[in-house]
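> Mind looking over this structure? Questions follow.
Just so you know, all these numbers are worked out from the coordinates, no wet-lab data involved. All figures in this text were calculated on a predicted structure; none of them were measured in a lab. Because the Cβ atoms are built from the backbone with ideal geometry, glycine has one as well, and the counts that use them run over all protein chains shown.
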Amino acid sequence: MPFYEFKVVPAPRRGTKTKGLKTTEDRFAKALMDVMNTHGRDGWDYVRADVLPCDERSGLTGRTTTYQNMLVFRRELVEDEHYAAPEDDQTDDDPVEAANSNETSDIDEVTGEPRVAAE
């Protein structure tokens, strides 16, 4: 299973002036295309755009909520020693697996005390 890292950047708020583009929609589309192509050249795949709430200060004690348009990108992580995929085989050293196993334990479940073997 591949692992991904994600990058979230603010969407452009206004279009860029470009020769030959007259309408606001065309200028805005050009600004958005530039952001997406810049990240695409660096290996990032566009995932989606989200509108997320952001609480901000308003005055000394007040708060107001604004909404931010964010672009989400991802790229696959190259497997290395820091991001190695987990192996399917599990060792006996796993404490969760040991606790969930059906084997008898040397600890009493009621008291939590070690059991003493009767001689």
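> Could you work out how far apart the two model spin labels at Y4 and Y67 are, taking each label as a point 7 Å from the Cα in the direction of the beta carbon, and quote it in nm?
Label-label distance for Y4 and Y67, simple model: 2.4 nm.
> Shifting gears a bit: Let me check I've understood the local charge: for F28, count other residues with C-beta under 15 angstrom from its C-beta, Lys and Arg +1, Asp and Glu -1. What total comes out?
Charge balance in the 15 Å sphere: +3.
> Under a plain spin-label model, where a point goes 7 Å from the Cα along Cα-to-Cβ, how far apart in nm are L77 and K19?
Distance between label points: 4.6 nm.
> What net charge do the residues around G62 carry, taking every other residue with its C-beta under 15 Å from that of G62, with Lys and Arg at +1 and Asp and Glu at -1? Mind dumping the intermediate values first?
Working: positive: R57, R63; negative: D55, E56.
Every neighbour counted, the sum reads 0.
> Between D34 and C54, take the C-beta separation as r, use R0 = 41 Å, and let me know the FRET efficiency to the nearest 0.05.
Efficiency for this residue pair is about 0.95.
> Now a separate question. Rounded if a/c is under 1.5, else prolate if a/b is larger than b/c, else oblate: which is region 4-80, with a ≥ b ≥ c the root eigenvalues of its Cα gyration tensor?
Values: a/c = 3.24, a/b = 1.12, b/c = 2.89.
It is oblate, given that a/c is not under 1.5 and a/b is not larger than b/c.
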